[in-house]
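Below you'll find the structure, written out as structure tokens, and then a few comments.
The values are calculated or read from the model by the stated rules, or taken from the named source; none is laboratory data. Computed from a prediction, not measured in an experiment: that's the story for all the values here. All Cβ positions, glycine included, derive from the backbone under ideal geometry; neighbour counts span all protein chains shown. Heads up: the accessible areas ignore ligands, DNA and RNA and are worked out on the full protein's heavy atoms, side chains in. Shrake-Rupley method; radii C 1.70, N 1.55, O 1.52, S 1.80 Å.
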Amino acid sequence: MDQHQHDEEDQRASLFHSSAPSSSLGAHGEEERETVPLLSCKMADEKTDTVQVSKDTAHQISIDPWYQVGFILTTGVNSAYVLGYSASIMVPLGWIGGTCGLILAAAISMYANALLARLHEVGGKRHIRYRDLAGHIYGRKMYSLTWALQYVNLFMINTGFIILAGQALKATYVLFRDDGVLKLPYCIALSGFVCALFAFGIPYLSALRIWLGLSTVFSLIYIVIAFVLSLRDGITTPAKDYSIPGSHSDKIFTTIGAVANLVFAYNTGMLPEIQATIRPPVVKNMEKALWFQFTVGSLPLYAVTFMGYWAYGSSTSSYLLNSVKGPIWIKTVANLSAFLQTVIALHIFASPMYEFLDTRFGSGHGGPFAIHNIMFRVGVRGGYLTVNTLVAAMLPFLGDFMSLTGALSTFPLTFVLANHMYLMVKRHKMSIFRKFWHWLNVVGFSCLSLAAAVAALRLITVDSSTYHLFADII
């Protein structure tokens, strides 16, 4: 075999494996570590064009089939957050507003995510992080701003997941002993500890694999149980109140907050990082995964959201399993399934932060389960989740976190930036009408983001005045 064939085999092999770092001695006799990009070889799309990766990474990329990425996206959509959408979306908007809002939000979210997916290979590089893409298009300042927005987005989502897991544990305890001994902050602390243990054992996003299947099973368990028990309760209690609660001013703010919850329900704020794990051709495969998410993957969300609101009306609990009536053992299974699925889902949304920490501060040598790499994850990821858990225990207002997350980061990252970046990259090929359409999206979603942020901050202020820090809410 000649040298040319050897080179081609080496390039293909490096597509699926991390290159080991090499060491050399510097001028002063100190050991210098050479950082080798995980995917520094040629990336061939359907036209066999050469596409380089924008930065090196300590995590595996470009190895997952499209359906695995589709399950990652579906895990986020059908996380235990769906148990709160009846209260946080349908109650403030009502039947017409809530139904139309969910369908419209799905359509515009699919469109915005597809735009972002098509920008994954820009300028001859494959941008595996949202901030890398923004930095390539706008420059260094926008790189930093995008990273800050994404960090806020993922931090608040993860905080909400820990609140959800704590609520599931508290709801399980109350089924057996409603004595007030085990309070919500204690359950949140325990949830944070379990999430940390899971983070120590799963080194990167692609390593979830079988856990994604388990996550789907857990999701179906609590969604089916919530759906069936809500259906039974709705049949036996025909008198329901579907009026939108609150004064006129309250309705305005809760409606705006519900709009933020609508976009929060479908979007991750980390699409380039998820797309980084997918096999070439990356754009076509990502579009397949998105179609899976917004069609089959969203059906469970619709089913449990509409059924919960139909059964309980405006009195629906912010955690639907607190409203349903049924055998204790069935409700226990549902709550524990919600808890376990939340632990897995949190790891997905924490993975960009883990990737940054592992790449920037990790040792760069040895396997993911080498003792020094495990200890690094214990220290760094444990510290990150400790801060998440502390904030979750202090301010356990789940609906408010959903609204604020949608306002401050989901709107800017998914809708404003996606449309403007697409406009910047493709503007020379666009008609006047298409340019006007994208600018309309940029301006419109910017205004919605500002209004939603004000509404969410008002909700948090009201709840903070009603409840004290570390409140025992259930």
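Look at residue 103 and say whether it is part of a loop (DSSP other than H, G, I, E, B) and out of contact with any Gly (no Cβ under 8 Å at 6 or more places or on another chain). Here the answer is no, as residue 103 does not meet what is asked.
Only one entry of 383, 367 meets the criterion of being surrounded by fewer than 17 Cβ atoms within 10 Å (Cβ to Cβ) and more than 30 Å from residue 171 (Cα to Cα), and that entry is 367. Set side by side, the residues 416, 343 differ, and just one is without any contact (Cβ under 8 Å) to a residue 40 or more places away in the chain and surrounded by 18 or more Cβ atoms within 10 Å (Cβ to Cβ), which is 416.
Listed here are the helices (runs of 4 or more DSSP H) enclosed by segment 361-474 that have at least 2 residues being at pLDDT 85 or above, under 20 Å from residue 265 (Cβ atoms) and not aromatic (Phe, Trp, Tyr): 417-426, 432-466. Residues in segment 65-95 that are more than 18 Å from the chain's Cα centre (by Cα) and not in a helix (DSSP H, G or I): 65 only. Does segment 238-261 include one or more residues that are assigned to a helix (DSSP H, G or I) and over 30 Å from residue 444 (Cβ atoms)? Looking for residues that are assigned to a helix (DSSP H, G or I) and over 30 Å from residue 444 (Cβ atoms), one finds none in segment 238-261, hence no. Taking segment 44-83, which residues are within 30 Å of residue 366 (Cβ to Cβ), at pLDDT 85 or above and open to solvent by 50 Å² or more (accessible area, probe 1.4 Å)? The answer is 71, and nothing else. One residue stands out in segment 286-337 among those that are touching a Phe, Trp or Tyr at 6+ places or on another chain (Cβ under 7 Å) and assigned to a loop (DSSP other than H, G, I, E, B): the one that is nearest to residue 211 (Cα to Cα), namely 323.
Any residue that is part of a helix (DSSP H, G or I), free of Cβ contacts under 8 Å to residues at least 60 places away in the same chain and open to solvent by 20 Å² or more (accessible area, probe 1.4 Å) - is there at least one of those in segment 122-133? Scanning segment 122-133 turns up no residue that is part of a helix (DSSP H, G or I), free of Cβ contacts under 8 Å to residues at least 60 places away in the same chain and open to solvent by 20 Å² or more (accessible area, probe 1.4 Å). When restricted to residues that are surrounded by fewer than 16 Cβ atoms within 10 Å (Cβ to Cβ) and within 23 Å of residue 272 (Cβ to Cβ), segment 346-364 contains 2. For segment 310-323, state whether one or more residues are at pLDDT 90 or above, of a type in the set (A, V, I, L, M, F, W, C), under 30 Å from residue 145 (Cα atoms) and open to solvent by 20 Å² or more (accessible area, probe 1.4 Å). No, segment 310-323 has no match at all.
Screening residue 294 on (1) modelled with pLDDT of 90 or more; (2) open to solvent by less than 10 Å² (accessible area, probe 1.4 Å); (3) within 15 Å of the chain's Cα centre (by Cα) shows it passes everything except condition (2).
Checking each residue in segment 80-105 for being touching a Ser or Thr at 6+ places or on another chain (Cβ under 6 Å) and among the hydrophobic types (A, V, I, L, M, F, W, C) picks out 80, 87, 91. Test residue 137 against the stated conditions and say whether it is assigned to a loop (DSSP other than H, G, I, E, B) and open to solvent by less than 50 Å² (accessible area, probe 1.4 Å). Spelling it out, it is not the case that residue 137 is assigned to a loop (DSSP other than H, G, I, E, B) and open to solvent by less than 50 Å² (accessible area, probe 1.4 Å).
Being assigned to a helix (DSSP H, G or I), open to solvent by 10 Å² or more (accessible area, probe 1.4 Å) and farther than 24 Å from residue 378 by Cα, is that true of even one residue in segment 193-205? No, the conditions are met nowhere in segment 193-205.
Here residue 282 clears all of (1) over 26 Å from residue 458 (Cβ atoms); (2) in contact with a Pro (Cβ under 9 Å, 6 or more places away or on another chain) except the condition numbered (2). Taken over segment 362-389, residues that are in contact (Cβ under 8 Å) with a residue 24 or more places away in the chain and not β-branched (Val, Ile, Thr) amount to 12. You will find that of 164, 169, the residue that is in contact with a Cys (Cβ under 6 Å, 6 or more places away or on another chain) and touching a residue at least 60 places away in the same chain (Cβ under 8 Å) is 169 and no other.
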